[in-house]
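The values are calculated or read from the model by the stated rules, or taken from the named source; none is laboratory data. Please read all numbers here as calculations on a predicted model, not as lab measurements. Reconstructed Cβ throughout: ideal geometry from the backbone, glycine too, with neighbour counts over all protein chains shown.
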Amino acid sequence: MSSLSKFTIKDYNLIRKEWERLREAAAVRCRDEEELAVVQKAFDFANQAHRNVRRRSGEPYIIHPIQVAEIVIKEIGLGCKSISAALLHDVVEDTDYTIDDIRNLFGDHIALLVDGLTKIKTVLDNEDRKRGPITSTESIQAENLKRILLTLNDDVRVVLIKLADRLHNCRTIEFMPEHKRDKILSETMFIFIPLAHRLGLYGVKSEMENIWLRFKEPDAYREISERVVRNVEERDAEINEFIQPIEAALKQADISFEIKKRIKTPYSIWFKMRTKKVSFEQIYDLYAVRIIFDQSADPEAERRQAYLIYSILIGLYTSQQARFRDWISSPKSNGYEALHCTLMSRSGFWIEVQIRSRRMDDIAEKGIAAHWSYKNNGYISELDSEMDKWLKTVQEILVSSDVNALELLDIIHKDLVTTDIVVFTPKGEQRTIQNGATVLDFAYNIHTHIGNQAIAAKVNMKLVPLSQVLHAGDQVEIITAGNGRPKVEWLQFLQTRHARNLVIEYFRKSRRPLVEKGKNIYAERLTVMGVERSKENLKKLLRHTMLNDATELYFRVGLGLLGPEVFRETFASERMASVNGGYVVSPCCNPIPGDPVIGFRAEDGTIIVHKKTCPELEKLSLEFDSSRFVVVKDFDLDVVEFPVRLSLHGFDRKGLLSKISQFVSLTMDVNIREIHLSGKDGVMDGYIDMLVQDKKNLEAMIQGLRKIEGVQDVVRTDI
């Protein structure tokens, strides 16, 4: 929200200072004085259009487009037209000027960019368009994402400038009201961070992730940041000692290079601790050393240089072969290229080393803009470009007549949490596939017919089932049969969208019996849950699953794609009793008093309390207006105990289970719902499900468990 207030001398001085800095940066990107004059004209026009308008922070509004344009230059590396569009991006939305005015003054290209940005802003940012309950069968969330993806077909620069706009909004988000701040951050996590990841903008992605964590989980952000600082202070001299022999060896080999030190970001540490259920001490790739060498004009010589540097490194230090990654022979789907190896320092800790050419480093940091620049100069061929393949896939799916919202969301959103691994065919051909993929996913990755006719496989010469999960470096041979056919059960373990869609399409040929089966399952589940079989409840399930019609829903239920958990999530509010003025705890994330939380006002007025980091909340933030989100300072309920799970890791010792259960039950007087510990090769892993009163009670529990001999770490995880 902006306000009118006459500018002061101080304001004009600030505007002049910011503009001079931007102009200096723009002069480097613009090819000549004529292009720079267009940028000057865009600034003058925007400055006049936003005259006397202020942001929530109190600063002149024009500072925002200036700093967005600076991000466009420095973080993304775009040129004159994009810089001008960034300066003008809010003019049409926030003033009386029209796209025709922009076209008349700046031409078609800049007008098209500004028009695309205005459309995205209308979809996501316009608070005047108050959205109530969704009445259509198509999810607004999916429609939002589809509109943004469509701009990739028109001009990818629109999305890149929008990412710069969102990054600057995140940088100044403390000036937003809390309920709107949480909505914007959730929206950022669900759409813009995955987009930045897919378009190769590592710096933009990392900064938005860290801002997200700082406001969503402030305690975790502060604790991790402090531990990183302490750790770096302790290890900095050791890392320098590790680098010295490398520098000497590379200079002796007459290689032109630069070495940079990198520390894992607070968000990436938090995410790994949360998903891998490990402690801070178990983050072995906290440090990385990046070697950036000057490549020759010959792409093949560039590759040889990278492998030469790798051979020098493994001659100096012991290498952890299982962690070697060759993203040069097989680039990541966002265009990333590098060699990664993990070496043991002489002081006894593992350090990841990344080997990149200048070109590879530009693409890693600036993403798609650098990718296309180098492709046009002959470094990247059309056939070899993973980025181009992905953009082509997006285009194919968007024009598909039977695509639904689930597939659309899957294209972008799953890329945030999936990484690639390299596996090999029996002939030694290298293939890149999603981490966590199965043998059957690999079969479909090779060819549809091989997937359809697969009956088993050999991994590293050993016979395995099709559900076997692959690991980096595996050699995979698919065994097929001429009469082999896809099975419905395959959908329960397939991981890649490509393979799942091929199996789903196979069964569409005989969908009628599956639709009838799905109808019966649908009716049975509602009856068991005590939920009325009404048109309104059918619409709720369609909205939740983001499907367009009931027949498709029944088909997917019949296939087993939509299990009982989907029904439970959809009708959770019907099953939860409203207590204490309408507050209820969401079963999807199980917040406890003391957690950072936000409330969502349901249609019946009930406030459903979510943790601020809840993935379901991210979806709701896209589907509903920010007025549906409310600040919840306290949510004391009639319920006095809340379910949580603690995962434990340590050393297997005699009597450990007894000590842990006695501490929880007797010392802490906490009710244990379930406890499971397993020991193997002297290592203990397990979890405890319990009921606690609040976060303070939980933290005391964690600290006490860590003091028990044998317990190395305790982490709160999702149930």
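Values computed for the structure shown
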{"read-out": "Tally of residues being within 19 Å of residue 561 (Cβ to Cβ), without any contact (Cβ under 8 Å) to a residue 60 or more places away in the chain and either among the aliphatic types (A, V, I, L, M) or in contact with a Leu (Cβ under 7 Å, 6 or more places away or on another chain) (or both) across region 530-547", "value": "2"}
{"read-out": "First in region 273-296 and closer than 30 Å to residue 705 by Cβ and not assigned by TED's automatic domain parsing to the domain that holds residue 345, second anywhere and modelled with pLDDT of 75 or more and surrounded by 19 or more Cβ atoms within 10 Å (Cβ to Cβ), Cβ under 8 Å, 6 or more apart", "value": "none"}
{"read-out": "Only listed residue being among the small types (Gly, Ala, Ser) and over 24 Å from residue 280 (Cα atoms), chosen from 647, 658", "value": "658"}
{"read-out": "Residue ID - surrounded by the most Cβ atoms within 10 Å (Cβ to Cβ), chosen from residues in region 328-342 that are under 20 Å from residue 250 (Cβ atoms) and of a type outside the set (A, V, I, L, M)", "value": "337"}
{"read-out": "Those residues of region 664-679 which are free of Cβ contacts under 8 Å to residues at least 24 places away in the same chain, closer than 14 Å to residue 708 by Cβ and touching a Phe, Trp or Tyr at 6+ places or on another chain (Cβ under 9 Å), in sequence order", "value": "675"}
{"read-out": "All positions within region 456-472 that are loosely packed, with under 14 Cβ neighbours inside 10 Å and of a type in the set (Lys, Arg)", "value": "462"}
{"read-out": "All positions within region 243-274 that are at pLDDT 90 or above, assigned to a loop (DSSP other than H, G, I, E, B) and not small (Gly, Ala, Ser)", "value": "254, 255, 265"}
{"read-out": "Which numbered condition residue 57 misses (of (1) in contact (Cβ under 8 Å) with a residue 60 or more places away in the chain; (2) among the polar types (S, T, N, Q); (3) in a helix (DSSP H, G or I))", "value": "(3)"}
{"read-out": "Selection from region 297-327 of residues that are charged (D, E, K, R), surrounded by 17 or more Cβ atoms within 10 Å (Cβ to Cβ) and either within 17 Å of residue 253 (Cα to Cα) or not assigned by TED's automatic domain parsing to the domain that holds residue 253 (or both)", "value": "302"}
{"read-out": "Some residue of region 185-205 being surrounded by fewer than 19 Cβ atoms within 10 Å (Cβ to Cβ), more than 29 Å from residue 157 (Cα to Cα) and touching an Asp or Glu at 6+ places or on another chain (Cβ under 6 Å)", "value": "no"}
{"read-out": "All positions within region 487-504 that are more than 13 Å from residue 444 (Cα to Cα), assigned to a helix (DSSP H, G or I) and not aliphatic (A, V, I, L, M)", "value": "489, 492"}
{"read-out": "Options 224, 259, 255; residue that is crowded, with 16+ Cβ neighbours inside 10 Å and aliphatic (A, V, I, L, M)", "value": "224"}
{"read-out": "Residue, nearest to residue 433 (Cα to Cα), within region 480-507, restricted to residues that are among the basic types (Lys, Arg) and under 25 Å from the mean Cα position of the chain (by Cα)", "value": "497"}
{"read-out": "Test: residue in region 179-195 that is over 18 Å from residue 272 (Cα atoms), outside any helix (DSSP H, G or I) and modelled with pLDDT under 90", "value": "no"}
{"read-out": "Selection status of residue 435, more than 31 Å from the chain's Cα centre (by Cα) and either among the polar types (S, T, N, Q) or at pLDDT below 85 (or both)", "value": "no"}
{"read-out": "Within region 4-34, tally of residues that are surrounded by fewer than 18 Cβ atoms within 10 Å (Cβ to Cβ) and more than 30 Å from residue 174 (Cβ to Cβ)", "value": "6"}
{"read-out": "Set 528, 515: member being part of a helix (DSSP H, G or I) and in contact with a helix residue (DSSP H, G or I) (Cβ under 7 Å, 6 or more places away or on another chain)", "value": "515"}
{"read-out": "Residues within region 227-240 that are surrounded by 18 or more Cβ atoms within 10 Å (Cβ to Cβ) and within 22 Å of residue 274 (Cβ to Cβ), tallied", "value": "1"}
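Here's the yes/no breakdown for (1) touching a Cys at 6+ places or on another chain (Cβ under 6 Å); (2) part of a strand (DSSP E or B); (3) farther than 24 Å from residue 593 by Cβ:
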residue: 657; (1), (2), (3): no, no, yes
residue: 660; (1), (2), (3): no, no, yes
residue: 674; (1), (2), (3): no, yes, no
residue: 677; (1), (2), (3): no, yes, yes
residue: 691; (1), (2), (3): no, yes, no
residue: 697; (1), (2), (3): no, no, no
residue: 700; (1), (2), (3): no, no, no
residue: 705; (1), (2), (3): no, no, no
residue: 712; (1), (2), (3): no, yes, yes
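Let's see how each residue does on (1) outside any loop (DSSP other than H, G, I, E, B); (2) farther than 16 Å from residue 472 by Cβ:
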{"site": "291", "(1), (2)": "yes, yes"}
{"site": "295", "(1), (2)": "no, yes"}
{"site": "307", "(1), (2)": "yes, yes"}
{"site": "312", "(1), (2)": "yes, yes"}
{"site": "340", "(1), (2)": "yes, no"}
